[in-house]
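Derivation of every value follows stated rules applied to the coordinates shown; laboratory data play no part. These numbers were taken from a predicted model, which means no experiment stands behind them. Using ideal geometry, Cβ is built from the backbone for each residue, glycine included, and neighbour counts are taken over all protein chains shown.
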Amino acid sequence: MTHLLAADKVSKYFGNVIALKDISAHLDAGEVLCILGDNGAGKSTLIKILSGVHQPDAGRLLVDGEEARFGSPREARAAGIATVYQDLAMVPLMSVWRNFFLGAEPTRGAPPVRYLDVRTARQEARRHLMAMGIDIRDPDQPVGTLSGGERQAVAISRAVYFGARVLILDEPTSALGVKASGIVLRNVVRAREHGAGVVFITHNPHHAYPVGDRFVILNRGQTLGTYAKREIDQQELVRLMAGGAELAELQHELEQISG
Amino acid sequence: MAQVAESGLARDERLARVGLAARLFQRPEIGSMVGVVAVFFLFLWAAGAKFAELDGFALWTDEASNVGIMAVPVALLMIAGEFDLSAGVMTGSAGLLFAYLVTRPDLNVWPAILLVLLFGLTIGFINGMLVMKTRLPSFIVTLGTFFSLAGLNAGLTRRATGSVYIPDVDTASGFRSAHRFLGSTFTTYAFPDRVIWWIVITVVATWVLARTRFGNWIFAVGGDATAARNVGVPVLRTKIALFMTTSTMASLLGIMIALQIRSAQADQGIGNEFVYIIAAVVGGCLLTGGYGSAVGASIGALIMGMITVGIPFAGWNSDYQRLFLGVILLLAVMLNTLIRWAAARSRA
Amino acid sequence: MTEHEQVEWEAIEEDETGLSRRELFVKGGLLTAGAAFLGSPVAAARAAAKSPAAAEASSTFAVVTHGAGDAFWAVVKKGVLKAGKDLGVKVNYSESFNNPQKQAQLIGTAVARKPGGLVVSAPNPSALKDPLRRARRAGVPIITINSGVQAFKSLGAITHVGQTETIAGRGAGQKLKAAGGKKLLVIIHEQGNIGLEQRYSGAKSGFGGKTSRLQVKGVSDISTTTNQIKTKLRADRSIDAILALNPQVGVAAKDAAASANSKAKIATFDLSSDVIKAIQRGQMLFAVDQQQFEQGYLPIVFLYLYRYNLNTVGGGQPVLTGPGYVEKGNASKVAAYARRGTR
């Protein structure tokens with residue numbers, strides 16, 4: 001069976017530091033794959049490989065079952081893999097519609113008088129955001145005036161709009177409060193409903209569990225296993241992620257301090 | 001669902017229309033617009049009606065165009081998050097090269113203009129590549145180009161002519177036709193050609209900023225270069241293009257000045273780089289990039305023109321001209337900040 | 001003669017004969033209405049010429065120099081103001097800080113205010129061609145001062161008031177040679193000032209011996225300038241004559257020579273009270289004095305004469321104000337005038 005995106009025994013070394021070792025995972029359309037791990041587990045190295053920033057030193061990436069090598073983020077994007085970075089997805093001083101179409105602006109006319117189709121851009125941006133459940137009062141509003149959750153949501157909607165088949169979300173909820181995280185998680189589900197495959201990177205199992213279909217747990221550059229949702233419950237996910245023994249030890253220590 | 005969205009759209013359109021006045025107050029150039037009206041009436045009061053009559057008008061628009069032709073590209077570059085401190089001295093380098101070409105190898109004026117514009121493109125390309133490839137702040141890199149060019153201007157002029165200026169530009173072939181379009185005046189009120197160029201440059205820059213992809217990229221690379229790169233904006237190409245535009249415009253202005261004063265002097269343009277930046281900042285450009293307008297920069301230039309001409313016109317002591325510029329700069333920037341703050345608050 | 005000038009002339013006549021005409025009107029008493037009726041066009045013209053605005057504008061003489069706010073030009077400005085006061089005419093003085101484009105613009109501004117006459121320094125004559133042509137077209141008489149002796153005719157000026165830089169430079173060079181100098185250092189304090197270049201080449205030809213130039217920061221930064229001169233003197237011990245082209249730079253050269261233990265003979269262009277003191281003490285050999293007060297005073301007098309009586313001065317030749325030399329012998333006499341800022 002061919003998957004939308006698959007990593008096959010991918011490894012990455014920085015000098016003699018092993019960042020990733022033999023990571024395998026796969027993603028299908030209309031599915032959310034959560035990659036969980038603590039800081040330094042290798043999450044960001046993995047997404048950088050998936051999005052074309054880094055190239056794997058061993059192993060291969062497969063897109064629709066065929067091997068792919070991305071020399072740059074642009075090549076990954078061309079293959080339909082869009083990455084939404086934590087804080088680096090939007091230009092705060094620019095309006096919502098300008099951000100929405102940034103880098104892929106609709107134009108009319110022929111050069112040298114090719115100009116922006118502002119009307120279309122404005123309407124399309126608002127219509128699509130509305131369809132994704134984001135009610136922007138005014139598409140001319142600077143993105144900087146949106147809340148953090150709304151900002152992430154606009155970035156996700158944009159990626160979906162531009163036909164991303166794979167959406168990589170790098171810690172989209174890490175800097176957000178409960179309510180804003182809710183907005184983003186709802187968008188993750190919407191993106192999945194639109195048929196995109198979502199790679200959701202997080203260190204928060206409570207955010208991952210409700211939206212995820214499958215979970216990959218990373219620890220020190222290696223997988224601790226891949227689980228489908230029915231194979232695992234939230235507690236177990238938390239326990240695995242922190243490394244079960246260590247958490248038990250921590251619990252013991254805390255009890256002693258408070259006792 | 002779709003129906004709900006449609007009706008939502010319609011309602012919001014109406015809301016936006018009501019907020020038109022509020023939207024005006026969100027424009028970057030609003031502070032400078034208030035400033036230009038204030039300065040105009042100040043000099044109308046101090047210098048009398050002559051200030052507003054056509055020959056007075058021709059004088060301060062002349063000076064305004066002298067600043068504005070450069071303030072506009074400098075503003076675009078600032079919106080993209082970069083500075084060009086070599087912009088002032090570049091007018092001198094271009095003027096000298098032009099004067100040299102038409103008087104020593106006796107080149108016709110028109111091919112000389114082409115060569116000088118090519119020279120401008122080259123210097124801009126070098127500036128841009130140095131900034132982008134070294135990842136040093138453009139403030140430092142172009143300061144380097146500034147001093148290099150200033151030294152070359154002095155050294156090469158003396159070497160080539162044994163003097164510090166190149167006279168007799170008006171003896172060159174083709175001078176008359178070029179002078180008419182680039183360095184002369186029209187009507188009996190001595191209205192300078194340059195003003196037309198300035199207006200055209202402002203209009204084109206405004207259109208580019210607001211209505212083209214490139215304009216969108218200018219805002220993006222200045223607002224957040226990493227975010228822009230992440231969505232596929234060619235950051236390198238955008239910034240280098242703007243550096244090239246700036247130094248090419250400086251070359252154009254240098255040619256105009258050489259045609260106007262029929263000569264070129266080795267120290268021409270030194271110190272003007274800050275005048276351009278001041279005009280852009282008065283016009284609402286943020287020093288940190290990502291925000292500003294071409295119209296604002298031109299209004300900033302207009303204010304500078306009014307002050308430069310208005311002070312001797314009013315018979316005031318011109319020793320205080322810089323004090324005046326300093327106060328205007330501070331007031332305009334404070335006003336800009338205040339308005340932006342108020343606009344942001346009304347949004348929330 | 002242009003229309004503009006004719007109106008001016010009537011304005012001046014008006015001043016001369018005003019009293020008698022007023023008497024006539026008073027005597028005429030009841031006839032006033034009739035006279036006004038009969039002579040209405042004439043009366044209207046008189047009224048226009050007599051209107052305060054026109055009278056004020058016509059009696060203003062504008063002076064636009066390339067000066068840079070330094071001590072030298074301050075003396076010129078004093079000359080301008082004194083002449084204005086002595087003759088009872090309004091004067092307006094402005095400086096372009098050695099920027100030809102700016103000077104052209106200042107001339108444009110002056111002409112727009114319709115002056116009775118225009119005084120300009122012309123270090124870069126080509127730059128002033130267009131604005132001075134407009135001045136002539138507006139009927140404004142022109143006199144050039146200080147720089148531009150070779151071009152005053154082509155610029156359409158009545159005459160030129162100044163010294164010829166090359167001759168002054170040659171004189172200074174000859175005097176330094178006579179004082180025993182073998183190797184001369186000329187200090188250039190402004191990049192791009194043509195007058196300084198002419199002084200340099202004059203000094204070089206007058207001196208005959210080895211002559212070199214030193215470009216310094218200038219009057220805006222005297223401490224750096226002093227350091228630059230000191231460094232040069234330390235590096236080249238054989239320099240035994242220094243010519244500065246500005247009094248402040250001359251004093252800087254004197255200080256630099258003292259701290260570098262150089263025995264070089266120092267001379268400067270132009271005076272200041274510090275320069276005169278140094279000459280009295282024997283720290284400086286001489287100063288080339290172009291008596292720039294006259295360059296401010298005389299053109300106002302000449303323009304006044306031209307306006308009043310269509311008199312010209314110079315007979316197509318420039319009026320020379322220098323070079324004079326201030327040396328130990330005459331320094332104490334000049335000192336008093338320098339102290340009040342007119343020498």
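Note down the Stokes-Einstein diffusion coefficient of the stretch A:121-186 in µm²/s, whole number, using a Kirkwood radius over alpha carbon pairs, 25 °C, and 0.890 mPa s. Could you put the intermediate results ahead of the total?
Details: Rh = 12.3 Å.
Reported coefficient: 200 µm²/s.
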Acute angle (nearest 10 degrees) that the helix A:244-258 long axis makes with the longest principal axis of chain A, alpha-carbon atoms: 80 degrees
Under the Karplus curve 6.51 cos²θ - 1.76 cosθ + 1.60, θ = phi - 60°, whole-Hz ³J(HN,Hα) for the stretch A:36-51, x wherever Gly or Pro sits: 10, x, 7, 4, x, 6, x, 4, 6, 4, 4, 5, 5, 6, 5, 9
Using a Förster distance of 56 Å, how high is the FRET efficiency between A:Asn16 and B:Thr337, based on the Cβ-Cβ distance and rounded to 0.05? 0.60
Give the lysines reachable from A:Lys21 as a straight Cα distance under 28 Å; neighbours fewer than 8 places away on the same chain don't count. A:Lys9, A:Lys12, A:Lys43, A:Lys48, A:Lys229
Let's see if you can work this out: charge +1 on each Lys and Arg Cβ, -1 on each Asp and Glu Cβ, no other charges. What is the dipole magnitude of the protein assembly as shown about its Cα centre, in debye to the nearest 20? 2520 debye
Antiparallel DSSP beta bridges within the stretch A:138-242, percent to nearest 5: 50 percent
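Taking 22 Å as R0, compute the FRET efficiency from the Cβ-Cβ separation of C:Gln174 and C:Lys277 and round it to 0.05. Write down the numbers at each step before the final one.
Details: r = 25 Å, r/R0 = 1.14.
So, using R0 = 22 Å, E works out to roughly 0.30.
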Please compute the Cα-Cα pair-distance distribution of the stretch C:174-236 with 5 Å bins starting at 0, giving whole percents from short to long. 4, 17, 25, 21, 21, 11, 1
Enumerate the lysines that C:Lys328 could reach by cross-link, defined here as Cα to Cα under 21 Å, with residues fewer than 8 away along the same chain left out. C:Lys175, C:Lys177, C:Lys254, C:Lys263, C:Lys265, C:Lys277
For the protein assembly as shown, one quarter of the surface area of the C-alpha convex hull, expressed in nm², comes to 57.3 nm²
May I ask for the distance between the Cα centers of the stretch B:72-140 and the stretch C:180-215, given as a whole number of Å? 33 Å
Convex hull volume of chain B per residue (C-alpha atoms, cubic angstrom): 166 Å³
Given the candidates A:Met90, B:Ile240, A:Ile232, the one whose Cα lies deepest towards the positive end of the charge dipole of the protein assembly as shown, counting +1 at each Lys or Arg C-beta and -1 at each Asp or Glu C-beta, is B:Ile240
What residue among A:Gly163, A:Gly30, A:Gly109 has the largest mean-square fluctuation in a Gaussian network model of chain A, using Cα springs under 10 Å? A:Gly109
Taking the DSSP beta bridges in the stretch C:222-337 as the whole, what percent of them are antiparallel, to the nearest 5? 30 percent
Of A:Ile168, A:Val178, A:Asn219, whose Cα points farthest to the positive end of the dipole of the stretch A:135-232 (charges on the beta-carbon: +1 Lys, Arg; -1 Asp, Glu; origin at the Cα centre)? A:Asn219
To the nearest 20 debye, what charge dipole does the stretch A:22-139 have about its Cα centre, counting +1 at the Cβ of each Lys and Arg and -1 at the Cβ of each Asp and Glu? 720 debye
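Between beta-carbons, use under 12 Å as the cut-off and find the net charge around B:Thr145, counting Lys and Arg +1, Asp and Glu -1. The partial results should precede the final answer.
Working: positive: none; negative: B:Asp84, B:Glu273.
Local net charge: -2.
Only Lys, Arg, Asp and Glu count, each charged at its Cβ (+1, +1, -1, -1), so figure out the dipole size of the stretch C:111-231 about its Cα centre, rounded to 20 debye.
Numbers: 19 positive and 5 negative charges, 41 e Å.
The calculation lands at about 200 debye.
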Would you mind ranking C:Glu327, A:Glu105, A:Glu67 so that the residue whose beta carbon has the fewest other beta carbons within 10 Å leads the list? A:Glu67, C:Glu327, A:Glu105
Using all Cα-Cα distances in the stretch C:86-175, what percent lands in each 10 angstrom bin from 0 up to the longest? 16, 47, 26, 9, 2
Point-to-point label distance, C:Arg133-A:Val189, nm (Cα→Cβ direction, 7 Å offset): 8.0 nm
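Count the DSSP beta bridges whose two residues both fall in the protein assembly as shown, then state the antiparallel fraction as a percent rounded to the nearest 5. Walk me through the numbers on the way to the answer.
Values: 30 of 84 bridges.
Close to 35 percent.
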Suppose the chain between A:Arg220 and A:Gln256 were pulled fully straight at 0.36 nm per residue; how much longer would it get relative to their current alpha carbon spacing? 10.1 nm
Chain B, Gaussian network, Cα under 10 Å: of B:Ala94, B:Ala150, B:Ala190, the residue fluctuating most is B:Ala190
Positive end of the charge dipole of the protein assembly as shown (Lys, Arg +1 and Asp, Glu -1 on Cβ, about the Cα centre): tell me which of B:Val327, A:Val17, C:Gly169 has its Cα farthest that way. C:Gly169
Acute angle (nearest 10 degrees) that the helix A:148-161 long axis makes with the longest principal axis of chain A, alpha-carbon atoms: 70 degrees
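At a Förster distance of 22 Å, what's the computed FRET efficiency of C:Ser154 paired with B:Ser163, Cβ-Cβ distance as r, to 0.05? Walk me through the numbers on the way to the answer.
On the way: r = 18 Å, r/R0 = 0.84.
Step by step, r from the Cβ atoms, then E = 0.75.
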Amide H within-cut-off set for C:Leu184, under 5 Å, with H built and near neighbours excluded: C:Lys210, C:Thr211, C:Ser212
Highest-MSF residue in chain B out of B:Asp84, B:Asp168, B:Asp62 [GNM, Cα springs under 10 Å]: B:Asp168
Cα long-axis angle, helix B:213-223 against chain B (0 to 90 degrees, to the nearest 10): 80 degrees
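Which of C:Lys77/C:Lys232; C:Lys102/C:Lys217; C:Lys183/C:Lys230 have a Cα-Cα distance over 27 Å?
Working: C:Lys77/C:Lys232 34 Å; C:Lys102/C:Lys217 21 Å; C:Lys183/C:Lys230 16 Å.
The pairs that break the limit, which is 27 Å between Cα atoms, are C:Lys77/C:Lys232.
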Which three extents, in angstrom, do the Cα atoms of the stretch A:1-100 have along their principal axes, listed largest first? 43, 34, 25
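Only counting other Cβ atoms within 10 Å, I'd like B:Leu115, B:Leu338, C:Leu298 sorted with the fewest neighbours first. Mind showing how you got there, number by number?
Details: B:Leu115 15, B:Leu338 11, C:Leu298 22.
Ordered by Cβ neighbours within 10 Å, fewest first: B:Leu338, B:Leu115, C:Leu298.
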